[in-house]
């Protein structure tokens with residue numbers, strides 16, 4: 001393998017990491033903290049707002065889980081098995097576990113409290129993940 005061949009792969013991993021993170025963290029935060037309160041302030045019926053939130057939350061949680069899995073693959077390609085000792089790896093694992101809990105609790109019971117808790121865990125884990133450097137930033141130094 002020639003020396004310059006790893007550069008495009010690292011660059012594509014960097015782009016995939018940032019794009020996935022921007023989409024899922026931004027989407028989760030936009031829905032709960034911007035979109036639903038804006039609809040409420042706009043004057044829509046509370047039942048309609050609950051229906052929109054009930055439809056959109058599972059979509060965003062599923063999307064967040066897929067994006068977190070993609071980010072874990074990118075981080076694993078840079079960090080190897082040390083990803084699980086790294087805060088970014090632990091946060092990605094937390095996001096995936098919270099997403100699984102969101103769907104399991106929703107399927108077993110009408111556990112809206114626990115689903116909401118799982119949603120907030122995903123949102124705040126994403127926020128902490130944004131504050132961390134990309135995995136390739138530390139590998140370049």
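Given the conditions (1) over 18 Å from residue 16 (Cα atoms); (2) part of a helix (DSSP H, G or I); (3) free of Cβ contacts under 8 Å to residues at least 40 places away in the same chain, which single one is not true for residue 80?
For residue 80, the failing item is (1).
Is there a residue being part of a helix (DSSP H, G or I), touching a residue at least 60 places away in the same chain (Cβ under 8 Å) and surrounded by fewer than 18 Cβ atoms within 10 Å (Cβ to Cβ) anywhere in the stretch 86-109?
Checked the stretch 86-109: no residue is part of a helix (DSSP H, G or I), touching a residue at least 60 places away in the same chain (Cβ under 8 Å) and surrounded by fewer than 18 Cβ atoms within 10 Å (Cβ to Cβ).
Here is a yes/no grid of residues against (1) over 19 Å from the mean Cα position of the chain (by Cα); (2) at pLDDT 90 or above:
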| residue | (1), (2) |
| --- | --- |
| 53 | no, yes |
| 76 | no, no |
| 82 | yes, no |
| 93 | no, yes |
| 105 | no, no |
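Working carefully through the options 68, 72, 101, find the one that is under 13 Å from residue 28 (Cβ atoms) and within 16 Å of the chain's Cα centre (by Cα).
That would be 68, the only listed residue that is under 13 Å from residue 28 (Cβ atoms) and within 16 Å of the chain's Cα centre (by Cα).
The values are calculated or read from the model by the stated rules, or taken from the named source; none is laboratory data. Since the model is a prediction, treat every value here as computed from it, not as a measurement. All Cβ positions, glycine included, derive from the backbone under ideal geometry; neighbour counts span all protein chains shown.
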